[in-house]
Amino acid sequence: MMVLLYSVTGALYAQNDAVLNSLYSKMASSAVSMDYSYVLQSSGIKTMGGGTVTVQDSAYVMRGDGLLISCDGKTVWMVDQEGKEVIIETPSEGEQSYMDNPALLFVNLSETFRVEGVKINGKVYTYVMSPKVSCGIKTATLVINSESAPTIERAVFALADDKSLDIKIKSMTFSEKKSLTSYFYDISVLDSTWLITDLR
């Protein structure tokens, strides 16, 4: 992954902050839904996938690559619907939480990354960022389209283990926050053919 650092004038910083702060504010006050695809590259090997995710603070529902993962902030349910298996865990903390759920990188951008530079091309802002906290990432490049409300188009993360994760956001929408019960996975509706492993 190529990471370029850009210098900007003091006048542009205020404009850049306005775009980024508008995005941060919207993400903090909303349930954020994204349709995404990704490429994970490690030692020349590419792994591709995609799916959808809705994130609200520390709660989320993610569907993709054959799995449904739901978290109400206190419990994580990893559901293999084809294999009829559910694994129940307590959410990871710290650096591992970002690796388990990369969507948290987006909703926690302001707490996780600082801006090192930006390139502006019309309404498209490409930010180069470095981590403020330990999150398993060395650098991040974030592409934001500010045509109407700022939305993320792409994010490229250089991981601390020399892997790279390239995420393309096909769509990004904001809605009102819902009760956290919306992120609860009810295993009581499953029949006896399901294997349920509770690791809490």
- Query: Between residue 81 and residue 198, what length comes free when the chain is fully extended (0.36 nm per residue of separation minus the Cα-Cα distance, one decimal in nm)?
  - Reply: 40.5 nm
- Inter-label distance, nm, simple model (7 Å from Cα along the C-beta direction), residue 190/residue 177: 2.9
- Query: What figure in square angstrom, to the nearest 10, would you give for the accessible area of residue 78 with a 1.4 Å probe?
  - Reply: 70
- Message: Compute the helix-to-body angle for 10-28: its Cα long axis versus the longest principal axis of the chain, expressed 0 to 90° and rounded to tens.
- Response: 10
- Message: At 1.4 Å probe radius, can you tell me the per residue accessible area of the chain in Å²?
- Response: 54
- region 88-181: GluC sites (Glu not before Pro) in DSSP coil with no more than 15 other Cβ atoms inside 10 Å: 93, 147, 176
- Message: Please give me the summed charge of the neighbours of residue 50: other residues whose Cβ is under 11 Å from its Cβ, Lys and Arg +1, Asp and Glu -1.
- Response: +1
- Quick calc, residue 88 & residue 120: beta-carbon distance into FRET formula, R0 45 Å, rounding 0.05, result 0.50
- Range of Cα positions in the chain per principal axis (Å), largest first: 63, 41, 27
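The values are calculated or read from the model by the stated rules, or taken from the named source; none is laboratory data. Source: prediction; values computed, not measured. Positions of Cβ are backbone-derived with ideal geometry, glycine not excepted, and every protein chain shown enters the neighbour counts. Just the protein is used for accessible areas: all its heavy atoms, side chains included, with ligands, DNA and RNA removed. Shrake-Rupley method; radii C 1.70, N 1.55, O 1.52, S 1.80 Å.
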